[in-house]
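To start, the structure itself, in structure tokens.
No lab work stands behind these numbers, since they all come straight from the coordinates. For clarity, every value in this text was computed on a predicted model and none was experimentally measured. A quick note on method: Cβ atoms are made from the backbone with ideal geometry, for glycine too, and the neighbour counts reach across all protein chains shown.
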Amino acid sequence: MDYVQGKHFSITDPEGVNTVIYEVYKTKKEYLNQYPKYTVSRLDHTEEIVGNLNKKTFYVEDPR
């Protein structure tokens, strides 16, 4: 098994479920005139089949 650095977490989807996780970032005060108040981005993930279930590991690129 490869060693994974940084922030990550795993979940196992039951049959018929496909989990997607988004991270919401609040825009810094000095940029509010140029950008939206919040930005939403989908977390990168890897998938692994465990028996009949789908295990997903999600990675947080910029943990705060």
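Working from Cα pairs under 8 Å separated by at least six residues, relative contact order for the stretch 7-60 is 47 percent. Recomputing Cα extents along the principal axes in Å from the coordinates shown identifies the correct label among (i) 50, 29, 12; (ii) 36, 22, 19; (iii) 44, 25, 20 as (i).
Cβ under 13 Å from E47's Cβ, E47 left aside: what net charge do those residues give with Lys, Arg +1 and Asp, Glu -1? Residues close to E47 contribute a combined charge of -1.
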